[in-house]
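What follows is a set of notes on a single structure, which appears directly below.
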Amino acid sequence: MNRDTRYKLHDIRVLAIDPGFERLGIAVIEKKQKGREILLFSSCFRTSPKLPFPERLESVGKEIEKMIKKFKPRALAIETLFFNTNQRTAMRVAEARGAIMFVSKKMGLEIFEYSPLQIKIAITGYGRATKEQITLMIPRLIDIKNKGGKTDDEYDAIAVGLTHCASTLPVDK
C-alpha cells in the first residue's frame, strides 16, 4: 500500500478484487467526499475448469479490462496471497494476480495491495476475525442490495474495497 498517494478532494472509485482463477470476487466501490461508500457493482466471475489454464488467465484479464472500461476506477485494490497448504493452487492464484495487476497497470490504474490481516482489522477491528464476522460487518459499512445473492468471493472483494477506502484519505493537491 502506498500511503503517500494523494487524491484531490473528489470521489474515489476503486476496483476491488479477491483474486482467483476459478472464482474471482469483483467489486466496484465509490467513496464520496462526504458520506458513506457506495457499492456500484459486485460479482463472482467464474472461469470454466474445462479450459486450459492460459485461457482461464486470458478470461480473467478480459473481465478486468471490461470492468475498468465500464466503471472507470482510478485504483485497483487487491488482496495479497495467503499461502495455504495447496501450493499448486497458490501458484495459480499468484499467476491470476499477476494478470490482473498487469491489465490494471496497463490501463492506468494505481495498484494497492492489502493483506488478510489488514482487511480483517479494517472491517472488524480484530485481526483474527472469521469470514462470518467479516460478512456480518460489511452490510453495516456499506449498503448492499440483494444480500442473499452474494457469494463469499463478492463479500471478500467488497471487504478489500472498503479497506482501500478506509486507508485512502482525500487531500488537496
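The values are calculated or read from the model by the stated rules, or taken from the named source; none is laboratory data. A quick note: this is a predicted structure, and the numbers were derived from the prediction, not measured. Note: ideal-geometry Cβ built from the backbone for every residue, glycine included; neighbour counts use all protein chains shown.
Structural remarks
- So LEU57, is it aliphatic (A, V, I, L, M), in contact (Cβ under 8 Å) with a residue 40 or more places away in the chain, touching a Pro at 6+ places or on another chain (Cβ under 8 Å) and more than 16 Å from HIS164 (Cα to Cα): no
Yes/no matrix, rows are residues, columns are (1) assigned to a strand (DSSP E or B); (2) touching a helix residue (DSSP H, G or I) at 6+ places or on another chain (Cβ under 6 Å); (3) at pLDDT below 80:
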residue	(1), (2), (3)
ASN2	no, no, yes
THR5	no, no, yes
LEU9	no, no, yes
VAL14	yes, yes, no
ALA27	yes, yes, no
GLU30	yes, no, no
GLN33	no, no, yes
ILE38	yes, no, no
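- Put simply, of VAL60, VAL93 the only residue that is part of a helix (DSSP H, G or I), at pLDDT below 95 and surrounded by 15 or more Cβ atoms within 10 Å (Cβ to Cβ) is VAL93.
- Some residue of region 40-49 being touching a Leu at 6+ places or on another chain (Cβ under 9 Å), charged (D, E, K, R) and not in a helix (DSSP H, G or I): yes
- Hits in region 63-90 - residues which are surrounded by 13 or more Cβ atoms within 10 Å (Cβ to Cβ), modelled with pLDDT under 95 and in a helix (DSSP H, G or I): THR89, ALA90
- Only one of GLU154, GLU113, GLU132 that is without any contact (Cβ under 8 Å) to a residue 40 or more places away in the chain, on the phi < 0 side of the Ramachandran plot, among the acidic types (Asp, Glu) and not in a loop (DSSP other than H, G, I, E, B): GLU132
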